[in-house]
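Single-structure report; data block below.
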Amino acid sequence: MPVTTAIDAATNAQAIAQAIARAITRSIEAAEHPILLETPAQLDAAEAAWSRCDVLGIDTEFVRERTYRAGLGLIQVSDGKHAWLWDPLCFESAEPIARLLGNPGISKVLHSGSEDLEVLLHSIGTIPEPLVDTQVACAMLGQPLQLAYQGAVKWLFDVDVDKDQTRSNWLKRPLQPGQLRYAAMDVVLLPRMLAELRSRLERAGRWGWLQEEVTRMQRNAEQPTDPDEAYLRIGGAGRLDDDGLRVLRALARWREQTAQARDSARGFVIPDTDLLELARGRPCTLAELRAAVQLHPNALSRYEKALLQTIAAAAADPAPPQWPAPLDKAQMRQIDSMRKRVQERAKALEVDPALLASRRELEKLLRASIAGEPPPERFLGWRESVITDELLAIIR
């Protein structure tokens, strides 16, 4: 390369780096002075500004402790130059936010967006489209699959982000200055993160991977919880016999429906430990029920009759439980070989093995193959040629 060309390239690179540094500084400054949206006039002005953007960062703050559904406390929006904080407690309608989320001309950027999608779908009635998740993007470039926003910002820009408001009550008003700054910092760097990550992913030939993964994330967010399958998520259920599993299935279904109807956290209706104890003992009388569980007296009084009725009705349910049989020794060896292959491929690709497949997902693939079923959706798309074909060769 001629000397002048090398000098020009170095100068251009330096100018680009300086421009990026200025943009990051401006974003951080925007977080110091967020625009709180509490009136229709403020929201109208923000919506006009959003309409001129191609990319917007999105985040939510919510509270979910005693309720089934999260209580939305704030929606943050940023173009990297401004930070808007929409207060849902000040508005009867969320239509302007719904318009933004559904605007096909604006790419919405979230980090670790699975819970945000759930909250937005319930509170606003829609999820962002088009969408990019920067946590998944980072994982496709070699970072841990569960990399937090703070870690991603540190990795990409060497910027430290405080975590001091993680446990804030976002439904209490007025919101404090520290909360507003924290909320704004969670979103102001997302547009710049997208620009950096997209460039790296395109060079690596992995931008299409990210688009597939986000589409799957959106589909999953729109899938309702099936009360009939709630028992499959309870740890320790596999140690029950078939009669116990029938009772647990019925109890977990009842709890899911009750929690939804009362908007109460599952554990505040009845905890998993008590469900398992009832499934084991299958009490028939109030005295037996009261001796078997550790429920608060008020909860026990409210639910005891329903619990006894549910336990009695479970015995008449003809549908067999869907709990999978334990893997035999040969199948366990297959799982070990599959895990080893995942680790080898992940090392070659320089990614977290969990991005390719977890141990639980490998078991699902194995069980699908044994049953003569197609691979689970997660193993299709970009993973098919990267890892799935090799895993199926081990199984067969």
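The values are calculated or read from the model by the stated rules, or taken from the named source; none is laboratory data. If you're wondering where the values come from, they're calculated on a predicted model, not measured in any experiment. A quick note on method: Cβ atoms are made from the backbone with ideal geometry, for glycine too, and the neighbour counts reach across all protein chains shown. In case anyone asks, the SASA skips ligands and DNA or RNA and just uses the protein heavy atoms, side chains included. Shrake-Rupley method; radii C 1.70, N 1.55, O 1.52, S 1.80 Å.
Structure above, values below:
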item: Within a Gaussian network of the chain (alpha carbon springs, distance under 10 Å), most fluctuating of P130, P191, P40; result: P40
item: Cα shape, the stretch 208-357, gyration tensor, a/c 1.5 rule; result: prolate
item: Of [x] 5, 22, 35, 26, 10, 2, 0; [y] 5, 20, 25, 20, 15, 10, 5, 1, 0, 0; [z] 4, 18, 23, 23, 19, 9, 2, 1, 0, 0, the label for P(r) over Cα pairs in 10 Å bins from 0, in percent derived from the coordinates; result: [z]
item: Extended-chain gain in nm, criterion 0.36 nm per residue less alpha-carbon gap, K172 and I370; result: 66.0 nm
item: Tilt relative to the chain, helix 114-123 - C-alpha long axis, 0 to 90 degrees, to 10; result: 80 degrees
item: Accessible area in square angstrom per residue, the chain, 1.4 angstrom probe; result: 52 Å²
item: Inter-label distance, nm, simple model (7 Å from Cα along the C-beta direction), R22/N298; result: 6.0 nm
item: Per-pair calculated FRET efficiency, R0 = 51 Å: A148 and R333 via Cβ, rounded to 0.05; result: 0.90
item: C-alpha long axis of helix 297-314 to longest principal axis of the chain, angle in °; result: 70 degrees
item: Crossing angle, helix 177-188 versus the chain [Cα axis fit, 0-90 degrees, rounded to tens]; result: 80 degrees
item: Computed label-point distance, nm, for sites K305 and R69 using a 7 Å Cα→Cβ extension; result: 2.8 nm
item: Portion, in percent, of the accessible area of the stretch 230-378 that falls on carbon or sulfur, probe 1.4 Å; result: 50 percent
item: Gain in span if fully extended, A45 to D160, counting 0.36 nm per residue against the direct Cα distance; result: 38.3 nm
item: Rounded FRET efficiency, nearest 0.05, which uses the C-beta distance separating Q343 from A312 and R0 of 45 Å; result: 0.35
item: Area of S358 that stays accessible when all protein chains are in place (1.4 Å probe, Å², to 10); result: 40 Å²
item: Surface accessible to a 1.4 Å probe, Y149 within the full protein complex, Å²; result: 20 Å²
item: Long-range amide H partners of L131 with built H, under 5 Å; result: K108
item: Whole-percent carbon and sulfur share, accessible surface of the stretch 40-118, 1.4 Å; result: 47 percent
item: Beta bridges per DSSP with both ends in the chain, % antiparallel, nearest 5; result: 55 percent
item: With every protein chain in place, the stretch 157-212: carbon and sulfur % of accessible area (1.4 Å); result: 45 percent
item: GluC sites (Glu not before Pro) within the stretch 58-111, DSSP loop, no more than 10 other Cβ atoms inside 10 Å; result: E65, E92
